[in-house]
1. I need the helices (runs of 4 or more DSSP H) fully contained in segment A:65-174, keeping only those with at least 1 residues that are of a type in the set (Asp, Glu) and at pLDDT 65 or above.
2. Would you please name the residue that is surrounded by the fewest Cβ atoms within 10 Å (Cβ to Cβ), looking only at residues in segment B:36-61 that are more than 7 Å from chain A (Cβ to nearest Cβ) and among the polar types (S, T, N, Q)?
3. Can you tell me which residues in segment B:18-35 are crowded, with 19+ Cβ neighbours inside 10 Å and in a loop (DSSP other than H, G, I, E, B)?
4. Regarding residue B:71, is this residue more than 7 Å from chain A (Cβ to nearest Cβ), farther than 25 Å from residue A:27 by Cβ, of a type in the set (A, V, I, L, M) and assigned to a helix (DSSP H, G or I)?
5. Can you tell me which of B:16, B:83 is over 17 Å from residue A:48 (Cβ atoms), more than 7 Å from chain A (Cβ to nearest Cβ) and touching a residue at least 24 places away in the same chain (Cβ under 8 Å)?
6. Please enumerate the residues belonging to segment A:48-77 that are in contact (Cβ under 8 Å) with a residue 12 or more places away in the chain, facing another protein chain (nearest Cβ under 7 Å) and of a type in the set (A, V, I, L, M).
7. Quick one: how many residues across segment A:154-171 are more than 7 Å from chain B (Cβ to nearest Cβ) and aliphatic (A, V, I, L, M)?
Amino acid sequence: MIDNPVIFYSAAFMIIAFALAALFSRNVIYSLLASVCVFFLGALFFYILGSEYNAIIQAAIYGLAVPVILGISIMFRGKYGQKQKNEQRKFTVPYIMLMCAGIFCLAFVYLVMISLVMLPDTFNFTGMPEISAYDNILAFAKGIFINYVWAFELVSLLLTIVIAGFSMFRKRGA
Amino acid sequence: MAVSVYSYLFLGLVLFLIGLAGSVLTKNVIKVLISIEFMLLGVNINFVTFAVFCDSVNLDGCILTLFYTGLGAVELAVALYLFYLMFRKKQSDDIGKYTEL
């Protein structure tokens, strides 16, 4: 767990910059590379927050596996590296107003919720609580195998169904 | 000076809004999928933040983040397979042309 403002703010600036670069880059390959940086920085934030297990999962799945899938899907388009023309939608005034209103409403609801409503008694605003690595793993094991065992099994079943479905589609030649 | 909980929550909000804007504004289907993953990352950062600052004993938010990471990967795989089918039919990655499967 790292409670250093310099690391946090520099990483936050970088993750926002890479996210914007992923969206506004005209080349899809550059978007993919920027999104990989965003996913790795997300893993860094999980590590900063003291959740090392989530950081490893994030780096393994979103930092390595997902970019491979995305890269394959870019490659089979056959025109990777080519600049996409007319990629952005046309901005109209009502569309922009609607977007701004939605974003402001969302931000307002969000700030009201975190400042007024959802405040449990044990909420700690300023300091980050100390969590040892042993307690972290213990809480994960308790959560996965006792408290949320059905959800865990359901997610495992879903992953198995996806893999079986892919092999079925592959056999049928779809 | 310690980093407060508001900084983490604001970062999650910014990531969510960037993903929302990207999923609405871009026409490339791969960028739309990437934007959806950004939204999921923002939500996950908020989950872990609440788990660490509010529920540091059970860490329920971290476990939910674990599930959502797995489900996000599944969703991405299914969406990319649909994209594969649509691209073979339409020969385009413009999401506006994907009106029928």
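1. Of the helices (runs of 4 or more DSSP H) lying wholly inside segment A:65-174, those with at least 1 residues that are of a type in the set (Asp, Glu) and at pLDDT 65 or above span A:133-142, A:149-172.
2. It comes out as B:46.
3. Correct list: empty.
4. no
5. Only one candidate qualifies: B:16.
6. A:49, A:66, A:70, A:74
7. 6
Matching residues to (1) more than 7 Å from every other protein chain (Cβ to nearest Cβ); (2) in contact with a helix residue (DSSP H, G or I) (Cβ under 7 Å, 6 or more places away or on another chain); (3) in a helix (DSSP H, G or I); (4) over 30 Å from residue B:59 (Cβ atoms):
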{"site": "A:16", "(1), (2), (3), (4)": "no, yes, yes, no"}
{"site": "A:29", "(1), (2), (3), (4)": "yes, yes, yes, yes"}
{"site": "A:40", "(1), (2), (3), (4)": "yes, yes, yes, no"}
{"site": "A:46", "(1), (2), (3), (4)": "no, yes, yes, no"}
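The values are calculated or read from the model by the stated rules, or taken from the named source; none is laboratory data. Keep in mind that this is a model prediction, so the values were computed, not measured. When we count neighbours, we look across all protein chains shown, and the Cβ atoms used for this are built from the backbone with ideal geometry, even at glycine.
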